[in-house]
Amino acid sequence: MFAIPAGQSVIVGGGTIPYLPAGLKKREENMKGWPKSDPEAKCYMPGVPRATYMPFPFQIIQGTNKIVVAYAFASAGRLIHMDKVDDSPADTWMGWSKGRWDGDTLVVDVTSFIDQTWFDRAGNFHSEALHVVERYSPSGPNLIQYEATIEDPKVFTRPWKMSVALHRRQEKNAQLLEFQCVPFSEEMLYGHLRKGAN
């Protein structure tokens with residue numbers, strides 16, 4: 001149904017994600033239900049940090065007091081507040097992002113998530129208590145080292161980190177294009193509702 005390329009772990013230091021026993025059981029249930037149970041297969045917004053390391057482009061637009069991140073997948077977007085703002089008025093798919101500079105590294109503190117996103121296609125998940133601290137560190141003119149510290153006391157025994165390299169698209173006319181998801185997921189998700197379907 002889906003092709004999944006091989007990939008190395010993005011967990012810093014290798015090893016496994018430190019699940020509580022109930023969290024590990026839930027992850028196994030998620031894996032058994034894949035792909036239908038994966039929010040990505042349903043074309044939902046991917047959440048943070050998944051949106052950042054999915055194999056689809058995104059664009060960062062820096063303003064004076066705000067940074068906008070626009071993602072191709074699910075037309076998702078997020079606003080990083082670089083100025084002082086109140087707490088989020090509601091929990092959301094992409095969370096509530098407050099940023100600051102640590103030298104030339106952008107540090108983003110993200111809270112106020114709903115519990116409906118996963119970290120990957122392996123069923124790794126979180127609760128609404130998820131807290132993510134992202135670090136975007138330039139490693140050259142076209143490379144950013146991305147690191148995310150994941151904390152969720154309802155699911156994990158301790159905080160853990162993931163890290164990936166983000167490469168700038170360098171094509172002459174590179175632009176963010178719409179990613180059509182629903183037409184390809186519709187049959188898998190709703191085909192059983194068609195008249196005459198078994």
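The values are calculated or read from the model by the stated rules, or taken from the named source; none is laboratory data. Just so you know, these numbers come straight off a predicted model, no measurement behind them. Virtual Cβ from ideal backbone geometry, glycine too; neighbours counted across all protein chains shown.
Some observations on this one:
- Considering region 16-31, the residues that are of a type in the set (A, V, I, L, M, F, W, C) and not in a helix (DSSP H, G or I) include one that is modelled with the highest pLDDT, namely 20.
- Filter pass, residue 142 being more than 25 Å from residue 30 (Cα to Cα), touching a Lys or Arg at 6+ places or on another chain (Cβ under 8 Å) and modelled with pLDDT under 95: yes
- Of the criteria (1) modelled with pLDDT under 95; (2) outside any loop (DSSP other than H, G, I, E, B); (3) closer than 22 Å to residue 159 by Cβ, which one residue 13 fails: (2)
- Criterion: in a loop (DSSP other than H, G, I, E, B) and either in contact with a helix residue (DSSP H, G or I) (Cβ under 6 Å, 6 or more places away or on another chain) or at negative phi (or both) - qualifying residue of 87, 109: 87
- Every residue from region 38-83 that is in contact (Cβ under 8 Å) with a residue 24 or more places away in the chain, in a strand (DSSP E or B) and crowded, with 17+ Cβ neighbours inside 10 Å: 58, 67, 71, 78, 80
- Check on residue 37, farther than 19 Å from residue 179 by Cβ and hydroxyl-bearing (Ser, Thr, Tyr): yes
- Top-ranked residue of region 117-163 - restricted to ones that are aromatic (Phe, Trp, Tyr) and part of a strand (DSSP E or B), ranked as farthest from the chain's Cα centre (by Cα): 156
- Members of region 152-164 that are closer than 17 Å to residue 115 by Cα and surrounded by 16 or more Cβ atoms within 10 Å (Cβ to Cβ): 152, 155, 156
- Only a single item in (1) in contact with an Asp or Glu (Cβ under 6 Å, 6 or more places away or on another chain); (2) farther than 22 Å from residue 97 by Cα is not met by residue 148, and it is number (2).
- Restricting 101, 96, 34 to those that are more than 19 Å from residue 164 (Cβ to Cβ), buried (at least 16 other Cβ atoms within 10 Å of the Cβ), at pLDDT 95 or above and of a type outside the set (Lys, Arg) reduces the list to 96.
- Residues of region 164-192 satisfying the condition of being assigned to a helix (DSSP H, G or I) and hydrophobic (A, V, I, L, M, F, W, C): 182, 184, 188, 189
- Region 121-131, residues that are surrounded by fewer than 16 Cβ atoms within 10 Å (Cβ to Cβ) and of a type in the set (D, E, K, R): 128
- One residue alone among 76, 122 is under 19 Å from residue 11 (Cα atoms), modelled with pLDDT under 95 and among the hydrophobic types (A, V, I, L, M, F, W, C), and that residue is 122.
- Tally, over region 84-116, of residues that are touching a residue at least 40 places away in the same chain (Cβ under 8 Å) and touching a strand residue (DSSP E or B) at 6+ places or on another chain (Cβ under 8 Å): 6
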